[in-house]
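Trainee: My questions all concern the structure below.
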Amino acid sequence: MNAVQRLTILPNEPIAPISPYLYGQFAEHLGELVYPGIWVGPDSAIPNTNGIRNDVVEALKPIHLPVLRWPGGCFADGYHWRDGIGPSTQRPMRINYWWGMAPEPNHFGTHEFIAFCRAIGTEPYFTGNVGSGTPKELSEWVEYCNFDGNSNLAEERRANGADKPFGVKFWAVGNESWGCGGSMDPEYYASLFSQFRTFMFDYADTKMHAIACGAPDCNWEWTRRFMDALKHRFWNRQHMAQSLAAHYYCGTAGTATEYTEAQWLELLSKAAAIEGIVTGHRQIMDGYDPERKISLIIDEWGAWHPVEAGKPNSGLYQQNTIRDACVAALSFDVFNNHADKIFMANMAQLINVLQALLLVQEDRCVKTPTYHVWDLYQPHKGATAVRCIAESETVSDGGAAKEFCQRMYLDKSSFALRAVQGSASVKDGRLCVTACNTHPTQPVELEIELFGAHMPQAEVVRLAADDIHAHNTFDQPDRVTLSAPEQVEAKGGRLRVSMPAGSIVRVQGAL
Ligand code: AHR
């Protein structure tokens, strides 16, 4: 393989502002995420503030998560919000029937979730229950959260300790309504969406951003038929949806921590295929909504490995290596490059579930390699994405992903993985370039060439490891972490940055 791989950046060719919400997260009542990942209760020996773990709050604050989706996932369409308000001792015990029939004590409900969001400085995003709920129930949840005037529901919220409204802007109308959210077809869901949405009101300063359930993977049929139903049936109801939320899990290859070099490439090829998913859905949406009033959300994404030995299958607990960090980096670079269509993306999930940012056990908390990607990519939030062309060679044609392609209805060519993939953005006269060296064994020299601008020097930060399986554990929490910043100078108008095998880099400097 050529040791030099090039990214060409066109700082004067803006794509669009990068919505900070692309760097969102997801917290479902599932396995060990909420209990004990967030909530241990005020009487716990684990240090907490009103029941919420202090270590988790301290770990999350520095990465400024823009948004957090809750309470599901599949859990959401069985969740009745009234179960989770009022005195904790009087809340009902329910069954979490999607996730191992686990007991759900409802100790963590609306007020506790809002307290957690405020503690970590994030915006709340609620998923409403359409599958087993009613328009009245969802309408009342919105009023309970957002109304500041004189109504029984606003009074009830005040009596429960929140004088001022929560101001929740983001509301999904169901989750995976084609599957665990109600096994609906797109036309039926479009009717229900319109019905539920009719009763979800704006209150004072909080304008509703309604999120419709989108397709799994590359199920183009769902997107086409939903958009068609919204546009053509009865009357044009397109204004009701502000966003459409698709899901894409790139799956696994090997296990979370054991894989060959070929399996490394296989997983990263599947991760890079998110480009095809985004492009496919946005093309269909543009056909019905050429003015792009409905944005695209990637509401669930990430790796999904076999559950760690010794943990219950229903808990979806998995370790997280430098390979998963590369999955995150590749996905973020795709999202940045589609900043003109994607408004939000929420990876699955925050703590102890799937591709988590944090793992907690008893009173210990560890940051995963994926956490450090969130940190590394922070300068992109709110910056303007600019054209970034990867002129590097292909390292994998996705051959090993054949079965996956068939399941995804994707052409194998969508899995072509380049040696280096990246994205770039400009904010306040500073350029930020991020990139991933996707190869498990070959280091590269990344050459960054700018057209129409000059960056004489730059600061470089890397996320790299000495082993492709490297990960952080409770005993070795900082094995994979960000490097100290290093300064590099441009030569002949080009910047050269060394990238170890399987690594991620951020290069930033004044233009
Ligand atoms: O993230 C785990 C599950 O994956 C979610 O509950 C569901 O929406 C999806 O199928």
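The values are calculated or read from the model by the stated rules, or taken from the named source; none is laboratory data. Bear in mind the structure is a predicted one, so any value in this text is a computation, not a measurement. Here the Cβ positions follow ideal geometry from the backbone for every residue, glycine too, while neighbour counts run over all protein chains shown. These accessible areas exclude ligands, DNA and RNA; they are computed on the full protein's heavy atoms, side chains included. Shrake-Rupley method; radii C 1.70, N 1.55, O 1.52, S 1.80 Å.
Trainee: In what sequence, largest accessible area first, do Ser243, Ser483 appear using a 1.4 Å probe?
Mentor: Details: Ser243 0, Ser483 45 Å².
The residues order as Ser483, Ser243, largest area first.
Trainee: May I ask for the equivalent-ellipsoid semi-axes of the stretch 284-346, computed as the square root of five times each C-alpha gyration tensor eigenvalue and listed largest first in whole Å? Don't skip to the end; give the middle numbers.
Mentor: Numbers: eigenvalues 208, 42, 10 Å².
Ellipsoid half-lengths, sorted descending, are 32, 14, 7 Å.
Trainee: Ok, one more. Peptides 71-78, 128-135, 179-186: what's the order by average Cβ count within 10 Å, highest mean first? Mind dumping the intermediate values first?
Mentor: Numbers: 71-78: 23.8, 128-135: 20.2, 179-186: 18.4.
With the highest mean Cβ count within 10 Å placed first, the list reads 71-78, 128-135, 179-186.
Trainee: Can I ask one more? In square angstrom, what is the accessible area per residue of the stretch 269-368 with a 1.4 angstrom probe? Walk me through the numbers before you get to the answer.
Mentor: Working: 2620 Å² over 100 residues.
In whole numbers, the stretch 269-368 has 26 Å² accessible per residue.
Trainee: Sort Lys491, Lys427, Lys381, Lys231 from largest to smallest accessible area, using a 1.4 Å probe on the heavy atoms of the protein chains.
Mentor: Values: Lys491 165, Lys427 85, Lys381 25, Lys231 60 Å².
Order by accessible area, largest first: Lys491, Lys427, Lys231, Lys381.
Trainee: Summarise the accessible area of the stretch 11-385 (1.4 Å probe, protein heavy atoms) by the percent that is carbon and sulfur. Please list the in-between numbers first.
Mentor: Details: 6780 of 12800 Å².
Here it works out to 53 percent.
Trainee: Right, something else. Find, to one decimal place in angstroms, the Kirkwood hydrodynamic radius of the stretch 296-399, where the mean of 1/r is taken over every pair of different Cα atoms and then inverted.
Mentor: On the way: mean 1/r = 0.0652 Å⁻¹.
It works out to 15.3 Å.
Trainee: Would you check the accessible area of Arg418, probe 1.4 Å, heavy atoms only, in square angstrom rounded to 10?
Mentor: 90 Å²
Trainee: Counting only C-alpha contacts under 8 Å and six or more residues apart, can you give the relative contact order of the stretch 11-385 as a whole percent?
Mentor: Details: 762 pairs, mean separation 82.1, N = 375.
Once normalised by length, the contact order is 22 percent.
Trainee: Another question, then. Let me cross-check Arg237: its accessible surface, 1.4 Å probe, with only protein heavy atoms counted, in Å² to the nearest 10?
Mentor: We get 10 Å² for Arg237.
Trainee: Same structure again: Using the basic label-point model (7 angstrom from Cα toward the beta carbon), what is the Trp220 to Thr481 distance in nanometres?
Mentor: Distance between the two pseudo-spin positions: 4.7 nm.
Trainee: Still on this model: Among the listed pairs Lys169/Lys381; Lys270/Lys427; Lys169/Lys270; Lys136/Lys164; Lys341/Lys427; Lys231/Lys381, which are separated by more than 29 Å between their Cα atoms?
Mentor: Working: Lys169/Lys381 19 Å; Lys270/Lys427 31 Å; Lys169/Lys270 33 Å; Lys136/Lys164 22 Å; Lys341/Lys427 19 Å; Lys231/Lys381 32 Å.
Result: Lys270/Lys427; Lys169/Lys270; Lys231/Lys381 exceed 29 Å.
Trainee: Can you give the calculated 222 nm mean residue ellipticity of the chain, where each DSSP H run of n ≥ 4 adds -39,500 (n - 2.57) and the sum is split over every residue, rounded to the nearest 500 deg cm²/dmol?
Mentor: Calculated from helices alone, the mean residue ellipticity at 222 nm is -7000 deg cm²/dmol.
Trainee: Tell me, how many Å apart are the Cα centres for the stretch 288-313 and for the stretch 150-213?
Mentor: 20 Å
Trainee: Now a separate question. Using a 1.4 Å probe and ignoring any ligands, DNA or RNA, find the accessible area of Asp478 and quote it in Å² to the nearest 10.
Mentor: Near enough 110 Å² of accessible area.
Trainee: Something else about it: If each of Arg387 and Glu308 carries a label point 7 Å out from its Cα toward its Cβ, how far apart are those two points in nm?
Mentor: Spacing of the two 7 Å Cα→Cβ label points: 4.5 nm.
Trainee: If you don't mind, there's one more thing I want to ask. Provide, in order from the shortest bin, the percent of all Cα-Cα pairs of the stretch 461-511 in each 5 Å bin, continuing until the bin that contains the maximum pair distance.
Mentor: 4, 17, 24, 20, 14, 9, 6, 4, 1, 0
Trainee: Which order do Ile95, Ile389 take by accessible area at a 1.4 Å probe, largest first?
Mentor: Descending order: Ile95, Ile389.
Trainee: Additional query: Just for the Cα atoms in the stretch 183-268, what are the lengths along the principal axes, largest first, rounded to whole Å?
Mentor: Taking the Cα atoms of the stretch 183-268, the three principal extents are 53, 32, 19 Å.
Trainee: A further question follows. On average, how much accessible surface per residue is there in the stretch 93-242, in Å², for a 1.4 Å probe, leaving out ligands, DNA and RNA?
Mentor: Details: 6280 Å² over 150 residues.
Using a 1.4 Å probe on heavy atoms only, each residue of the stretch 93-242 averages 42 Å².
Trainee: Let me ask you something else. State, to one decimal in nm², a quarter of the convex hull surface area for the C-alpha atoms of the chain, i.e. the direction-averaged projected area. Before the final figure, lay out each step's value.
Mentor: Values: hull surface 91.5 nm².
For the chain, the mean projected area of the Cα convex hull comes to 22.9 nm².
Trainee: So with the 1.4 Å probe, I'd like the accessible area per residue for the stretch 427-511, rounded to whole Å². Walk me through the intermediate numbers first.
Mentor: Numbers: 3780 Å² over 85 residues.
Accessible surface, normalised per residue, equals 44 Å².
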